[in-house]
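Chemist: Please read through the structure below; I'll follow up with questions.
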Amino acid sequence: MKSKILKLGIIIVIVLTVLSITVNTFLHRNYTRRVNEVVLAIVGIVRVEYPDVSTEELLGVLNNNELSLHGLERYGIDSDDIDMIRNTREAYNLWMWSNILVLILMAISFALLLLAYIRNRKNKVEEITKYIREISRKNYTLKLEENVEDELSTLQNELYKITVLLKEQSENAVTDKKNVKDSLSDISHQLKTPLTSIMVGLDNLIDNIEMDAETREEFLYDMKNQTETINFLISSILKLSRLDSNVIQFDKQEIIIRTLLNEVLKNLESMSEAKKINIEIHGEEDIKFLGDYKWELEALTNIIKNCIEYSNENGIIKINYRKLSIYTEVVIEDNGKGMDAKDLKNIFERFYKGKNSSNESIGIGMSLSKKIIENDNGDISVKSTIGKGTTFTIRYMK
């Protein structure tokens, strides 16, 4: 605000100065012209009436302010002519002194305004310096924002934006640390069960050398399954960590949805046949979206696998896809057990296992799928009703 006042003051001073110079020039010329006319008239009269008066004497009278007002009367000059010279001169002098006074007052006012502006700028600089010092100490609780349009206020607003960003990053860092801690705890818990099972199996095989072949085979088969579980868990965790750290470069290409879904169903063929699940696909053959084929294959495999796990035997899974103006949509719907509100809320959380999930489920597949879809500029939502089924809606934005 003060910056605007200062600029306005400068403009006013410049305008008034130019105006004063213009008026003074005009008045000075007018004054000189009128005085010269009177003087010429007086000189003419004196020359006619008193031809013996020398030029030096006449100039001396005219150039002497006091004599010119009295000395000319003895030459027969009318007092009105003398008064006109006096009045013109006094008016001009009055204007000059008034103008000088106004200019002095304006200069003083401008100087005071400038000093106030400089003091205000200094205070702002000190305030910003203090604010930056607090930021360097990781104190993001201060607020510094003004709705004015000078340079320092703009800098203040930008600093405030940076502070908000740093505060968010600081809060996110705390959250990330907590998430890492929780994830490590979850991973430890997830690994503990299969590792314990493997250790028990090995102890039994070592302690019972004469164990019959059938029992030995059961132990070995169980250990193989637990090893595969550990391998899958570690692989999924590594994928998620790489996605979280943004070290994976997605290979964007046009993906034909029908081709992708056919490969997904091929991967899940044995699982769907075991439960006699009928999977229907509806959509035009040539509909495409932009994404990474390999990662999308994994994402959709995990989602449809989840639908199979929650479906009853002889269930139906319908997959409908379509192309709209701003996104391509894939809707995966089953008529299975459905999920309650708690499961629905946490389905995309890492290591979360719903009530109706299988024993083999680790609870990481849906979280991985969501991360992959989001990296391909998509989003996924889910709705479910107990006893009626679950619907996943995936939208890939153009």
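Chemist: Spelling out what I want: for every residue of segment 274-287, take phi, set θ = phi - 60°, compute 6.51 cos²θ - 1.76 cosθ + 1.60 (Karplus), and round to whole Hz; glycine and proline get x.
Modeler: So the Karplus estimates, Gly and Pro as x, are 4, 9, 6, 8, 9, 10, 10, 10, 10, x, 5, 5, 9, 6 Hz.
Chemist: Right, here's the next one. Mind giving me the nanometre distance, one decimal, between the label points for Asp222 and Glu168, set 7 Å out from Cα along Cα→Cβ?
Modeler: Taking the two extended label points, one gets 5.1 nm.
Chemist: Pairs Lys345/Lys398; Lys276/Lys371; Lys318/Lys345; Lys124/Lys161; Lys239/Lys288; Lys239/Lys294: which are spaced more than 19 Å apart, C-alpha to C-alpha?
Modeler: Where the Cα-Cα span goes over 19 Å, the pairs concerned are Lys345/Lys398; Lys276/Lys371; Lys318/Lys345; Lys239/Lys288.
Chemist: Give me the extension gain from Leu112 to Thr129: residue separation times 0.36 nm, minus the current Cα-Cα distance, reported in nm with one decimal.
Modeler: Taking Leu112 through Thr129 to full extension adds about 3.6 nm, to one decimal.
Chemist: Another question about this same structure. Please work out how much length the chain gains when fully extended from Asn262 to Phe232, using 0.36 nm per residue of separation minus the C-alpha to C-alpha distance, in nm with one decimal.
Modeler: 8.5 nm
Chemist: Modelling each spin label as a point 7 Å along the Cα-to-Cβ direction, I'd like the Asp251/Leu205 distance in nm, to one decimal.
Modeler: 3.7 nm
Chemist: Ranked by accessible surface with a 1.4 Å probe, highest first, in what order do Leu238, Leu233 come?
Modeler: From most exposed to least exposed: Leu238, Leu233.
Chemist: A further question on this structure: Report the gain in length on full extension from Arg137 to Met397: 0.36 nm times residue separation, minus Cα-Cα distance, nm rounded to one decimal.
Modeler: Roughly 89.4 nm would be gained on extension.
The values are calculated or read from the model by the stated rules, or taken from the named source; none is laboratory data. Note that the coordinates shown come from a computational prediction; the quantities given were computed from them, not determined experimentally. All Cβ positions, glycine included, derive from the backbone under ideal geometry; neighbour counts span all protein chains shown. Accessible surface areas use protein heavy atoms only, side chains included; no ligands, DNA or RNA. Shrake-Rupley method; radii C 1.70, N 1.55, O 1.52, S 1.80 Å.
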